[in-house]
1. Among the listed residues D21, D26, D55, which satisfies the condition of being in a loop (DSSP other than H, G, I, E, B), exposed (fewer than 15 other Cβ atoms within 10 Å of the Cβ) and out of contact with any Asp or Glu (no Cβ under 9 Å at 6 or more places or on another chain)?
2. Kindly list, by first and then second residue, each pair from a residue in the range 31-58 that is of a type in the set (G, A, S) to a residue that is not in a helix (DSSP H, G or I), limited to pairs with Cβ atoms under 6 Å and residues at least 6 apart or on different chains.
3. For the subset of the range 29-43 comprising residues that are of a type outside the set (V, I, T) and under 21 Å from P68 (Cβ atoms), which member is surrounded by the most Cβ atoms within 10 Å (Cβ to Cβ)?
Amino acid sequence: MKASAETNSCLCIEIPRFEKDIEGEDKTKATHFIIEIVFGGTLWTISRRFTEFFDLKEALKSKIENVPDCPKKTIFSVTTNSQLEKRR
């Protein structure tokens with residue numbers, strides 16, 4: 001991704017996709033959302049689980065007004081592509 005002079009000071013964040021993974025010794029299935037951040041002409045790509053977004057939102061609520069809501073947590077695993085797209 002190329003950044004022009006106009007966008008060098010712009011903070012752009014996108015979640016373009018998710019990846020289904022198997023983690024740990026117990027082979028737990030997990031979904032990671034891939035996040036692309038562009039700032040100052042530099043691109044960072046990180047992955048985070050849904051729970052980490054939810055925890056971040058809760059931490060930000062005490063410091064920032066009008067933090068957007070996350071999709072609701074569910075008792076059952078969200079595993080279908082259509083459900084994951086809604087969370088993305």
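Computed from the coordinates by the stated procedures, all read-outs in this text should not be read as laboratory data. On a predicted model such as this, the values are computed, not experimentally measured, just so you know. For neighbour counting, all protein chains shown are included, and Cβ atoms are generated from backbone atoms with ideal geometry for every residue, glycine included.
1. The unique qualifying residue is D26.
2. Listed pairs, sorted by first residue: G40/N8; G41/A3; G41/N8; S47/H32; S47/I34.
3. Selected residue: F33.
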